[in-house]
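The values are calculated or read from the model by the stated rules, or taken from the named source; none is laboratory data. Since this is a predicted model, take the numbers as computed values, not measurements. Every residue, glycine among them, receives a Cβ derived from its backbone with ideal geometry; neighbour counts consider all protein chains shown.
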Amino acid sequence: MSIKMTINPNTSWPGGRLSRSHGFTLLEALIGFMILSIGMLGIASLQAISLKAGKTSVYGSVAIMKVDELFESMRANPTALAAYAAAGAGPGSDNNCTGTNSCTPTQLAEEDVYWWKKSMQAGMPASVTTAVALTPAVAPSKMATVTITVGWKERSKTATGSVDKTYSTTTSICTAVPC
């Protein structure tokens, strides 16, 4: 026994009218999902790029603050500018110039550079390099010129490998009072 059934497209069903476009809504949903997926991939890519750019700005800010910190130490101990430049070429030394221990200006300069480099390593990539250059004052001027350069390597945003970044600044420091 076979039953033959005819469906009238104008017949009302509980879910609404029966349409001749079976599966069309599924196709629309799949296309919409594909467009949404492409958009989400774009957002993820943008997030990765912004994280890299954020890291670059953090390293630049740390370099600026640390260089300013050493300049201020030099201004507080201007008679030992040559010792700062010499210690800047090496690691410096921990002379324990705190509390009741008294140090010479040269020992204080070496310790300032030692702790400056330690704090620089804490806030910068492991590849950080530093250099301190001094141009002594030429009479009758009492202003010496000091240049501090900080360099580091960062991951490249466009190619494989790394990119060299550098922050360098120069200032004049008075070596005698009155200046």
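Looking at region 144-168 only, could you name the residues that are part of a loop (DSSP other than H, G, I, E, B), exposed (fewer than 11 other Cβ atoms within 10 Å of the Cβ) and not β-branched (Val, Ile, Thr)?
ALA159, GLY161
Condition first: without any contact (Cβ under 8 Å) to a residue 60 or more places away in the chain, farther than 17 Å from GLY123 by Cβ and either among the polar types (S, T, N, Q) or in contact with a Pro (Cβ under 7 Å, 6 or more places away or on another chain) (or both). Now tell me which residues in region 134-179 satisfy that. Answer for region 134-179, where residues must be without any contact (Cβ under 8 Å) to a residue 60 or more places away in the chain, farther than 17 Å from GLY123 by Cβ and either among the polar types (S, T, N, Q) or in contact with a Pro (Cβ under 7 Å, 6 or more places away or on another chain) (or both): THR135, SER141, THR145, THR147, SER156, THR158, THR160, SER162, SER168, THR170, SER172.
Looking only at residues that are surrounded by 14 or more Cβ atoms within 10 Å (Cβ to Cβ) and polar (S, T, N, Q) in region 122-138, which one is farthest from PRO78 (Cα to Cα)? Only one residue fits best here, namely THR130.
From the list GLY54, GLY99, the one residue that fits, being at pLDDT below 90 and within 30 Å of VAL146 (Cβ to Cβ), is GLY99. Looking across region 86-99, the residues that are surrounded by 14 or more Cβ atoms within 10 Å (Cβ to Cβ), without any contact (Cβ under 8 Å) to a residue 60 or more places away in the chain and in a helix (DSSP H, G or I) come down to ALA86, ALA87. Being without any contact (Cβ under 8 Å) to a residue 60 or more places away in the chain, closer than 14 Å to THR171 by Cβ, small (Gly, Ala, Ser) and not in a loop (DSSP other than H, G, I, E, B) is the requirement here; does SER119 meet it? No; evaluated as a whole, the condition is false for this residue. In region 42-57, of all residues being of a type outside the set (S, T, N, Q) and more than 17 Å from SER156 (Cβ to Cβ), the one that is surrounded by the fewest Cβ atoms within 10 Å (Cβ to Cβ) corresponds to ILE43. Given SER141, SER172, SER119, SER102, which one is surrounded by 14 or more Cβ atoms within 10 Å (Cβ to Cβ) and over 18 Å from the mean Cα position of the chain (by Cα)? After applying the criteria, what remains is SER172.
Does region 75-84 include one or more residues that are aromatic (Phe, Trp, Tyr), touching a helix residue (DSSP H, G or I) at 6+ places or on another chain (Cβ under 9 Å) and at pLDDT 85 or above? The answer is yes, given that some residue of region 75-84 is aromatic (Phe, Trp, Tyr), touching a helix residue (DSSP H, G or I) at 6+ places or on another chain (Cβ under 9 Å) and at pLDDT 85 or above.
Considering only residues that are in a helix (DSSP H, G or I) and touching an Asp or Glu at 6+ places or on another chain (Cβ under 8 Å), look in region 75-85 and name the one that is surrounded by the fewest Cβ atoms within 10 Å (Cβ to Cβ).
Looking only at region 75-85, we keep the residues that are in a helix (DSSP H, G or I), and these are 75-76, 78-85.
The next check asks that each one be touching an Asp or Glu at 6+ places or on another chain (Cβ under 8 Å); those that pass are 83-84.
Values: ALA83: 22, TYR84: 28.
Result: ALA83.
Pairing residues of region 55-75 that are on the phi < 0 side of the Ramachandran plot with residues that are among the polar types (S, T, N, Q) and exposed (fewer than 13 other Cβ atoms within 10 Å of the Cβ), at Cβ distances under 6 Å and at least 6 apart in sequence or on separate chains, gives no pairs at all.
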